[in-house]
Amino acid sequence: SSPRFCSRALHAPTHQHHHLQQNPHSMASFRYHQYQIVGRRVPTEQEPAPQVYRMKLWALDATRARSKFWYFLSRLRKVKKANGQIIACNEIFEKDDTTVKNYGVWIRYQSRVGFHNAYKEYRETTMNAAVDALYTEMASRHRVRAHALQIIKIAEVANEDVRRDNTRQFLADDVSFPVVRKTLRHDSKSQKTTFKYQRPNFAIL
């Protein structure tokens, strides 16, 4: 995913500190989680306060997130794990995870013929769900392996800025969905009651 760098060096302790937050209110489980990794080069006498770098990325767990951090930082700023240190590793959660939103994802991936840039749109409740849908679609439609896919940017897209027809079809005010399977109540008056011990099952697609 796209790295973001701090504009100034931060004075942080020299020891490594890993902190992973837990969200007790999260109801859904996703394969990919968003992490914020903060790291820098190990301080020396020549450079006692090195530049601090912050990166937001998606990974399966905190260990893989730190591995991705060193992967990108070693190529962008020539700082590798051997001469660097992790200051913080935090998982990022969204405040509103119950409202459906439009997400646009800018990616770069490697196929069997070369490298490509692409833009994808998804309607999900969280960014983690959108990233899950991204990896699933790229693996099924384009045969892209997870290690060959990099997320450049992901952002919430307003309804008027949606580009894809597949996403735009859900934005109409009069959009409706058919009930394809419906459990009806008994037609006999002797079986009709106000309350049932079993809830009727409606499957909405």
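The values are calculated or read from the model by the stated rules, or taken from the named source; none is laboratory data. For clarity, every value in this text was computed on a predicted model and none was experimentally measured. Counting neighbours? That spans all protein chains shown, and the Cβs are built from the backbone with ideal geometry, glycine included. Remember, those area values only see protein heavy atoms, side chains included, never the ligands or the DNA or RNA. Shrake-Rupley method; radii C 1.70, N 1.55, O 1.52, S 1.80 Å.
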Looking at 100, 79, 131, 113 in this structure, which one is buried (at least 19 other Cβ atoms within 10 Å of the Cβ) and either among the aromatic types (Phe, Trp, Tyr) or modelled with pLDDT under 95 (or both)?
79
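Quick grid of which residues meet (1) within 25 Å of residue 167 (Cα to Cα); (2) under 22 Å from the mean Cα position of the chain (by Cα); (3) assigned to a strand (DSSP E or B):
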{"position": "71", "(1), (2), (3)": "no, yes, no"}
{"position": "79", "(1), (2), (3)": "no, no, no"}
{"position": "86", "(1), (2), (3)": "no, yes, yes"}
{"position": "89", "(1), (2), (3)": "no, yes, yes"}
{"position": "97", "(1), (2), (3)": "yes, yes, no"}
{"position": "104", "(1), (2), (3)": "yes, yes, yes"}
{"position": "109", "(1), (2), (3)": "yes, yes, yes"}
{"position": "116", "(1), (2), (3)": "yes, yes, yes"}
{"position": "121", "(1), (2), (3)": "yes, yes, yes"}
Residue that is modelled with the lowest pLDDT, among those in the range 163-200 that are open to solvent by less than 100 Å² (accessible area, probe 1.4 Å) and aliphatic (A, V, I, L, M):
180
Only one of 88, 59 is surrounded by 13 or more Cβ atoms within 10 Å (Cβ to Cβ) and under 16 Å from residue 150 (Cα atoms), namely 59
Considering 156, 160, 137, which residue is assigned to a strand (DSSP E or B) and within 20 Å of residue 100 (Cβ to Cβ)?
156
Within the range 134-162, can you find the residues that are open to solvent by 60 Å² or more (accessible area, probe 1.4 Å) and among the β-branched types (Val, Ile, Thr)?
136, 152
So residue 71 clears everything in (1) touching a residue at least 24 places away in the same chain (Cβ under 8 Å); (2) closer than 20 Å to residue 152 by Cβ except one condition, right? Which one?
(1)
